[in-house]
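In what follows, a single structure is set out as structure tokens and then discussed.
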Amino acid sequence: MRKRQTFSPAFKTEAVRLLERGDKPAAEIARELDVRRNRLYKWQREVRAHGEHAFPGPGRQPKPAEEIARLKQELARVTEERDILKKAATYFARESQ
């Protein structure tokens, strides 16, 4: 059984740069880097779609729906904290007069 390979974002970016430079065919670049050719093309699509944010980190990234739900919860908490601080500021402004 083959161990799963992991590649750093810098490695992926450099591989895409080599591919786009066009000095060598994709198959030769893939052979030299010990990756599959279709993986190079996948990385290239990532770079074209997301630019410098193409490879965010290891592991599976959160699904957009989960991320939106988490952000909505955080927004509700922060909004509540802001409202409490507004009320406290109004109360202390009245007390100091």
> Looking only at the range 1-25, which residues are in a loop (DSSP other than H, G, I, E, B) and of a type in the set (S, T, Y)?
Replying inline: T6, S8
> What tally of residues in the range 1-28 results from selecting those that are of a type outside the set (S, T, N, Q) and surrounded by 10 or more Cβ atoms within 10 Å (Cβ to Cβ)?
Replying inline: 16
> Do the conditions hold for R70, that is, is it part of a helix (DSSP H, G or I) and either of a type in the set (V, I, T) or surrounded by 10 or more Cβ atoms within 10 Å (Cβ to Cβ) (or both)?
Replying inline: yes
> How do the pairs read when you match residues in the range 19-32 that are over 14 Å from W43 (Cα atoms) with residues anywhere that are surrounded by 11 or more Cβ atoms within 10 Å (Cβ to Cβ), using Cβ under 7 Å and keeping only pairs 6 or more apart or on different chains?
Replying inline: A27/R37
>> Pairs needed: first member in the range 51-65, within 13 Å of A10 (Cα to Cα) and part of a loop (DSSP other than H, G, I, E, B); second member anywhere, modelled with pLDDT of 75 or more and among the aliphatic types (A, V, I, L, M); C-beta distance under 6 Å; at least 6 residues apart or different chains.
In response: A54/V47
>> Taking the conditions exactly as written (closer than 21 Å to R4 by Cβ, in a helix (DSSP H, G or I) and among the aliphatic types (A, V, I, L, M)), does A76 satisfy them or not?
In response: no
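The values are calculated or read from the model by the stated rules, or taken from the named source; none is laboratory data. Only a predicted model underlies this, so the values are computations on that prediction, with no experimental measurement involved. Positions of Cβ are generated from backbone atoms using ideal geometry, with glycine treated the same way; all protein chains shown enter the neighbour counts.
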